[in-house]
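The values are calculated or read from the model by the stated rules, or taken from the named source; none is laboratory data. Computed from a predicted model, the values in this text were never measured in an experiment. Using ideal geometry, Cβ is built from the backbone for each residue, glycine included, and neighbour counts are taken over all protein chains shown. Note: areas computed on protein heavy atoms with side chains; ligands, DNA, RNA excluded. Shrake-Rupley method; radii C 1.70, N 1.55, O 1.52, S 1.80 Å.
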Amino acid sequence: KLPDGRVRQGILGKIDLEKYDYSVGSTSAVRATEATVLERIPPRRAIREAAVYELPHVLLLIDDKDGLFRRIAAEKKAFETLYDFELMLGGGSITGSRISGKVLDEVIGWIAEYEESVDGDLIYAVGDGNHSLATAKAHYEQIKKSSPDTAKDSPARFALCEIVNIHDSSLEFEPIYRVLFNVD
């Protein structure tokens, strides 16, 4: 819940980095929505290689025209609450629930339906956290080079992401890093 009372709904899960490509002109199922600054990747990768866990916050935007989130919200009472607390400095609050059992099977089915219903090849657009995801991809690609026989089974093949409906009213799209100098 945002400080102004709006609620953003999301589903945390993992994305297969084999399906992600941040290069310009990519036609992969998971793509960046902004240019990837390659110079940002090596220092992030150095941290990632030494980390036991990395929990980036990557938003994957979907066009939820079929009401996936509405269907999940209807089942919310069946979820186990894992955490529910206020964020610091007036940042709102956060609640996390575990989807399990029959409802988990339904959610997985709904996501599969969504992926199959997409007209075109772009299924997930990286709305925030592109450089974190690009770093995860670079790390995984290095593992593939050094250990090609075991890479497909490596946990590094997957990255933590949050699926969010692009139509969610809590999302605000604003330009960043836009400064003009010496302009009439």
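Do the conditions hold for Asp184, that is, is it open to solvent by less than 90 Å² (accessible area, probe 1.4 Å), over 19 Å from Ala134 (Cα atoms) and charged (D, E, K, R)? Steps first, please.
Working: open to solvent by less than 90 Å² (accessible area, probe 1.4 Å): no; over 19 Å from Ala134 (Cα atoms): yes; charged (D, E, K, R): yes.
For Asp184, the condition - open to solvent by less than 90 Å² (accessible area, probe 1.4 Å), over 19 Å from Ala134 (Cα atoms) and charged (D, E, K, R) - is not met.
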Exercise. Out of all the residues in the stretch 71-94, is one or more modelled with pLDDT under 90, more than 23 Å from Val30 (Cβ to Cβ), among the charged types (D, E, K, R) and part of a helix (DSSP H, G or I)?
Worked result: yes
For this session: For residues that are open to solvent by 80 Å² or more (accessible area, probe 1.4 Å) and touching a strand residue (DSSP E or B) at 6+ places or on another chain (Cβ under 9 Å), scanning just the stretch 25-43, find the one that is nearest to Lys152 (Cα to Cα).
Result: Thr27
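Evaluate the following for Val118: is it of a type in the set (A, V, I, L, M), open to solvent by less than 70 Å² (accessible area, probe 1.4 Å), under 17 Å from Lys65 (Cα atoms) and at pLDDT below 95? It would help to see each step written out before you state the result.
Values: of a type in the set (A, V, I, L, M): yes; open to solvent by less than 70 Å² (accessible area, probe 1.4 Å): yes; under 17 Å from Lys65 (Cα atoms): yes; at pLDDT below 95: yes.
It is true that Val118 is of a type in the set (A, V, I, L, M), open to solvent by less than 70 Å² (accessible area, probe 1.4 Å), under 17 Å from Lys65 (Cα atoms) and at pLDDT below 95.
Kindly provide the set of residues from the stretch 101-120 that are touching a Phe, Trp or Tyr at 6+ places or on another chain (Cβ under 8 Å) and over 26 Å from Arg6 (Cα atoms), ordered by number. First the steps, then the outcome.
From the stretch 101-120, those touching a Phe, Trp or Tyr at 6+ places or on another chain (Cβ under 8 Å) are 103; that's our starting set.
None; the set is empty.
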Exercise. Is it true that Glu54 is touching a residue at least 40 places away in the same chain (Cβ under 8 Å) and either more than 20 Å from Asp168 (Cβ to Cβ) or part of a helix (DSSP H, G or I) (or both)?
Worked result: yes
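Hey, among the residues in the stretch 44-63 that are out of contact with any Ser or Thr (no Cβ under 9 Å at 6 or more places or on another chain) and at pLDDT 85 or above, which one's surrounded by the fewest Cβ atoms within 10 Å (Cβ to Cβ)? Break it down into steps so the answer makes sense when it comes.
Our first condition is that a residue be out of contact with any Ser or Thr (no Cβ under 9 Å at 6 or more places or on another chain); within the stretch 44-63, this holds for 46, 49-53, 55, 59-60, 62-63.
Checking the rest, the ones that are also at pLDDT 85 or above come to 46, 59-60, 62-63.
Details: Ala46: 12, Leu59: 21, Leu60: 24, Ile62: 23, Asp63: 16.
Across the stretch 44-63, the extreme among qualifying residues is Ala46.
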